[in-house]
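Structure record follows, encoded as structure tokens.
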Amino acid sequence: MGTVRGGGGPTRRTVLFTALATFAGVATARALGVRDLATGFAQRITQSAPTSMDPMDDPMGMPADPVEAAESEIIPAAGSTPGMSAAGAPSALRPSAAPARTGSPAPSAAPAAGFPDPGVVPPKVALGLDWVSPLDGEKARVAHLLRRATFGATDAELDRAWSDGYASTVDRLVETPAAEPPPFAAAEATPPMPVRVNELQSWWVDWMLKTPTPFAEAMTLFWHGHFTSDYRKGQPAPIYWQNRTWRKFAFGTLPDMVFQVTTDHAMLRYLDLATSTGRAPNENYARELMELFTMGVDTYTEDDVRSAAKALAGWRLPRATEDPRKGVFDQARAYTGPVTFLGKTGPLDTKGVIDRIAAQGSTATYIASRVVDHFVSPLASDAYVARMAEVFRRSAYDVKALMRAIFLSPEFTSSDSYRALVKGPTELMVSAAKAIGTQSVASAIARSGTGMGQNLFDPPSVGGWPDSAAWVSSNTMLARANYVSNVLNATRALPTAMNAVQRQLDGVLGPETARALSVAPDERGRWFVILASPEFQLK
């Protein structure tokens, strides 16, 4: 793909995939009670990681012994561990409940009785771990698109997309307006009632599971991580209204979106613009607007920050009788003199600040790079990002035009793009629920996010959540495995796993996942292997 941003190349990809395989493999092995399988996964780390790598450079927090770190912490899928009832409630696997360590070899990799050969495509191993890309086939490209753009797919969603074909599915995803979620009663009551953040999180997750426009929800989540606010400072009720605003403007133009961001009630609280006046301008929002939201680092000066802070001053929080969604501009609080901002001098207001930012060459490049990192690969070439940025710029910053160009670009469906990203926690949990056809786990998803590193409406900083490799650590992978076990145990009637390897994993497995699948004793065990596998964790 040419010169890449961020460095690392194949070495970074290999270590990332190996870490995923290790922890997903340990989780699966412990749930199935196969000690040797877990050891085999753990050995992959030392066999495939480049010997020249400095352990201090590893951002994934891997323990010296992944098997020991995972042991006795996995909640096994009911019925998948010897001696446990298939109807049993989830419970932590304590050392006393663990299968005895016999040291005997793991069961044969032959398919288990009653479960036909799942149609495994043997992977080509490169630098320790890699996959055969099936993206030369139409069905695989469609499934790849849905993994990246819609939190995976239910069987019905996948069948429809396969029937429509790749290009038509892109058209439908991009052109269909966002469906609005049902009202959150407490926030919309008159007068408003207290909003509990856990209930607000469940409300959004429930809509992710049920929405007829899942791409719109994926974009709402993307903008939530880009134009960040948190419920602690922004407060839960304003965060609810922000969520609705981000969805409404998710496919509009960047200048329109940034105006909504700037005047949003929660954002006025979160980055202190509501406290800013012409006489005492607060620089917090002005700085983050340029550095994190629109232009990137090293694209402005401190004088630009001071000037933007003056030009943006004058917004205040809404009063009880005013629209709770957005701030109110008070001319008496504004700055009225000229400012020099991004090379031009004169009177300037909020819209003027945004227009000047849009006129900078760095803006299209920065936004395109953030979108490419999230939907394509953090290792995409500079030339590819520049091409997407030019599409964005020429379209007058139309988000739909940018997303269409990305999804139809050869790079999006190239072999290098296949399984190049780690699903974020919310993506992983929603996609797992959709895979087994359950819509009743919103509260479980909302509760589980913190252990995986993503608590909705509570990003770790104004920079939002990290992407891809940063989701991988011993603790977060164990939390993922435990979520899979919990959701399987809570689902009374599971669909057959017979076709799941083809429909959810493109029929492309690593040898350890194929082996674990072959020894899984029942449907619940097979679903655990599939959903906890590194193949499913990737997109």
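Partners of LYS139 within straight-line reach, counting aspartates and glutamates whose Cα lies under 15 Å from its Cα and excluding those fewer than 8 residues away in the same chain: ASP155, GLU157, ASP159, ASP164, ASP506. On the beta carbon distance between THR176 and ARG279, with R0 = 35 Å, the FRET formula returns roughly 0.15. Here the stretch 190-358 is assigned +1 on the Cβ of each Lys and Arg and -1 on the Cβ of each Asp and Glu. Its dipole about the Cα centre then comes out at about 440 debye.
Ordered by the number of other Cβ atoms lying within 10 Å of each residue's own Cβ, fewest first, TYR166, TYR285 fall into the sequence TYR166, TYR285. Counting only lysines at least 8 places from LYS344 when in the same chain, those with an alpha carbon closer than 24 Å to its own are LYS310. Go from 0 up to the bin containing the longest alpha carbon distance in the stretch 294-420, width 10 Å each, and give me the % of pairs per bin. Pairs per bin, as whole percents: 12, 31, 26, 21, 9, 1.
Computed on the stretch 190-358, the Cα convex hull volume stands at 114 Å³ per residue. Shown for the stretch 361-417 is the translational diffusion coefficient from the Stokes-Einstein equation, using the Kirkwood radius over Cα pairs, a temperature of 25 °C and a viscosity of 0.890 mPa s: 224 µm²/s.
Run the Debye formula on the Cα coordinates of the stretch 446-539, all scatterers equal and no solvent, and tell me log10 I(q)/I(0) at q = 0.12, 0.14, 0.23 1/Å. With one equal scatterer per Cα and no solvent, log10 I(q)/I(0) is -0.45, -0.59, -1.23. The residues neighbouring LEU342, those whose beta-carbon lies less than 15 Å from its own, together hold a net charge of -1 under the Lys/Arg +1, Asp/Glu -1 convention. Counting only residues at least eight positions apart within a chain, or on another chain, the lysines with an alpha carbon under 21 Å from that of LYS233 are LYS326.
Rule-based calculations on the coordinates, nothing more; no lab input. For clarity, every value in this text was computed on a predicted model and none was experimentally measured. Here Cβ is always computed from backbone atoms with ideal geometry, including for glycine, and neighbour counts include all displayed protein chains.
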